[in-house]
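Peer 1: Take this structure first; my questions come after.
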Amino acid sequence: MGYELRAGTADDHEQIYRILSMAFNNDPDDVEREAERLVYEPDRAIVVTSGPAVVGVAGAYTRELAVPGALLPAAHVTMVGVDPVHRRQGLLNRMMRHQLADVRARGEAVAVLWASEGRIYQRYGYGLAARRHSFEIDREVRFREPVAPGGLRAATPTEVVGDLQKVYDQVRVERTGWSSRDGVWWEHLLADLPKHRDGATALRAVLHDGPAGVDGYALWRVKSSWGESGPNGSVLVREVAAGTLDAYQALWQYLLSVDLTRTTSYWMGALDEPLQYLVNEPRRLAGRIGDALWVRLVDVPAALAARRYAAPVDVVIEVEDPLVPENSGAWHLVGDPGSASCRRADRPADLRVEIGALGAAYLGDASLSTLAAAGRVQDLGSDRLASTATAFGWHRAPSAVEIF
């Protein structure tokens with residue numbers, strides 16, 4: 001059909017940005033393009049060309065992902081799009097298949113992404129592995145118990161990057177679903193482009209200092225509004241990271257009491273966000289659940305051996321993976337909270353699990369028992385489903401703090 005698939009180059013970035021702007025219905029912006037160039041990895045971009053023009057792209061970032069009990073190199077899939085004129089030519093299918101092979105060749109056992117539409121990526125073996133809890137909080141909500149005052153300081157985010165990074169690196173080790181932020185990532189994330197503010201202020205930071213130094217921060221902005229009855233502004237919270245309960249409570253007390261505002265919005269909360277259990281009227285948090293991270297196991301035995309398990313598990317899992325045939329077969333998983341191993345099985349399978357369902361269960365959010373109720377996991381007569389489902393869980397729900 002006149003299409004060529006190849007690895008990306010540094011010179012492709014401008015065309016890639018143009019394609020993604022069209023695919024996601026955005027207006028191109030020179031400042032945004034240069035901000036995205038900061039984290040662009042040319043050798044991880046898979047592009048399709050038609051003549052001299054780039055007409056499709058599937059990219060990835062090289063980062064670590066926190067999984068239950070471990071930090072794991074993972075392909076952070078991003079920048080996936082096709083020029084609208086060249087849709088329905090099988091280009092996405094070619095790029096995604098090629099990318100899975102490339103990820104596996106790089107020794108990354110897992111790929112993770114945010115899905116523009118979940119139905120697209122389920123075709124390639126991705127499963128919904130972490131959900132988010134968004135909140136639209138009424139200003140009248142109160143904490144059940146008094147919050148210790150003090151310890152807070154306001155700052156411009158770009159002037160306290162060292163403090164932000166210190167807290168984030170300490171917290172993310174225990175927060176399944178959080179990604180590493182090495183190199184230029186902090187510069188990229190704090191770029192705060194005006195087109196992304198949606199009429200709100202520049203990004204602000206508030207930090208909490210405990211006995212041992214900085215132990216928490218929040219990134220936020222305000223969208224001002226006035227009505228006939230007075231101020232009606234909203235605090236827009238982008239990120240909260242806290243290493244102690246005191247820091248967490250103090251930060252949220254601040255975010256819920258900004259002058260001239262009536263609501264506080266938080267789009268990136270965890271399913272088990274502690275705030276739900278600290279306030280006097282949880283209903284006024286107005287929580288809603290949505291999808292966040294989608295995970296694909298690219299190397300099944302390596303991925304299952306890399307994470308840890310909430311309880312001892314000894315199970316044989318049968319997988320069929322038409323896109324990555326090396327994953328197909330029966331795998332003997334033995335694990336516990338301290339270690340795990342996974343190798344080809346020499347006994348009959350106990351469970352049959354869809355590759356996408358295995359991705360959904362990987363971070364500990366979706367239960368294998370729930371997936372069985374949806375027909376995506378089968379107990380083959382071993383009665384090991386319940387115990388395996390327990391083992392795949394974790395003590396905190398996975399969450400995400402950024403879209404990449």
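Yes/no matrix, rows are residues, columns are (1) within 25 Å of Trp294 (Cα to Cα); (2) not hydrophobic (A, V, I, L, M, F, W, C):
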site	(1), (2)
Pro157	no, yes
Val167	no, no
Arg172	yes, yes
Thr176	yes, yes
Ala191	no, no
Lys195	no, yes
Asp198	no, yes
Ala202	no, no
Arg221	no, yes
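Peer 1: Restricting to segment 317-375, name every residue that is open to solvent by 10 Å² or more (accessible area, probe 1.4 Å), in a strand (DSSP E or B) and either of a type outside the set (Ser, Thr, Tyr) or in contact (Cβ under 8 Å) with a residue 60 or more places away in the chain (or both).
Peer 2: Answer for segment 317-375, where residues must be open to solvent by 10 Å² or more (accessible area, probe 1.4 Å), in a strand (DSSP E or B) and either of a type outside the set (Ser, Thr, Tyr) or in contact (Cβ under 8 Å) with a residue 60 or more places away in the chain (or both): Glu318, Gly329, Ala330, Trp331, His332, Val334, Ala340, Cys342, Arg343, Arg344, Arg352.
Peer 1: Kindly provide the set of residues from segment 267-312 that are outside any loop (DSSP other than H, G, I, E, B) and open to solvent by less than 10 Å² (accessible area, probe 1.4 Å), ordered by number.
Peer 2: Answer for segment 267-312, where residues must be outside any loop (DSSP other than H, G, I, E, B) and open to solvent by less than 10 Å² (accessible area, probe 1.4 Å): Gly269, Leu275, Val279, Leu285, Ala292, Leu293, Val295, Arg296, Leu297, Val300, Ala303, Leu304.
Peer 1: Then there is this: Of these, Leu38, Leu71, Leu65, which one is under 30 Å from Gln170 (Cα atoms), out of contact with any Phe, Trp or Tyr (no Cβ under 7 Å at 6 or more places or on another chain) and surrounded by 20 or more Cβ atoms within 10 Å (Cβ to Cβ)? Let's see the steps before the verdict.
Peer 2: Numbers: Leu38 fails: surrounded by 20 or more Cβ atoms within 10 Å (Cβ to Cβ); Leu71 fails: surrounded by 20 or more Cβ atoms within 10 Å (Cβ to Cβ).
Criteria check complete, one pass: Leu65.
Peer 1: Here is a follow-up. Within segment 148-178, track down each residue that is more than 16 Å from Leu219 (Cβ to Cβ), polar (S, T, N, Q) and not in a helix (DSSP H, G or I).
Peer 2: Thr176, the sole residue that qualifies.
Peer 1: On to the next question. Considering only segment 195-245, how many residues are open to solvent by 80 Å² or more (accessible area, probe 1.4 Å) and touching a strand residue (DSSP E or B) at 6+ places or on another chain (Cβ under 6 Å)?
Peer 2: Result for segment 195-245: 3.
Peer 1: When you check Arg347 against the structure, is it more than 18 Å from Phe392 (Cβ to Cβ), of a type in the set (Lys, Arg) and modelled with pLDDT of 95 or more, yes or no? Write out each step before concluding.
Peer 2: Working: more than 18 Å from Phe392 (Cβ to Cβ): yes; of a type in the set (Lys, Arg): yes; modelled with pLDDT of 95 or more: yes.
Criteria met by Arg347.
This table checks each residue for (1) without any contact (Cβ under 8 Å) to a residue 24 or more places away in the chain; (2) farther than 17 Å from Ala58 by Cβ.
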position	(1), (2)
Thr9	no, no
His13	no, no
Ile16	no, no
Leu20	no, no
Asn25	yes, yes
Asp29	no, yes
Arg37	no, yes
Glu41	yes, no
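So that you can scan it fast, the table gives a plain yes or no per residue for (1) out of contact with any Lys or Arg (no Cβ under 7 Å at 6 or more places or on another chain); (2) farther than 30 Å from Phe392 by Cα:
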| site | (1), (2) |
| --- | --- |
| Ser179 | no, no |
| His208 | yes, yes |
| Trp220 | no, yes |
| Ala242 | yes, no |
| Leu251 | yes, yes |
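Peer 1: Another question, then. Of the conditions (1) closer than 28 Å to Val334 by Cα; (2) within 18 Å of the chain's Cα centre (by Cα), Asp291 satisfies every one except a single condition; which number is it?
Peer 2: Just one mismatch for Asp291, condition (1).
Peer 1: Further, regarding this structure: Could you check Val103 against (1) of a type in the set (Val, Ile, Thr); (2) modelled with pLDDT of 95 or more; (3) open to solvent by 50 Å² or more (accessible area, probe 1.4 Å); (4) assigned to a helix (DSSP H, G or I) and say which number it fails?
Peer 2: (3)
The values are calculated or read from the model by the stated rules, or taken from the named source; none is laboratory data. Values in this document were obtained by computation on a predicted structure and should not be read as measured data. In this analysis, Cβ positions are derived from the backbone assuming ideal geometry, glycine residues included, and neighbour counts consider all displayed protein chains. The accessibility values were calculated without ligands, DNA or RNA, using every heavy atom of the protein model including side chains. Shrake-Rupley method; radii C 1.70, N 1.55, O 1.52, S 1.80 Å.
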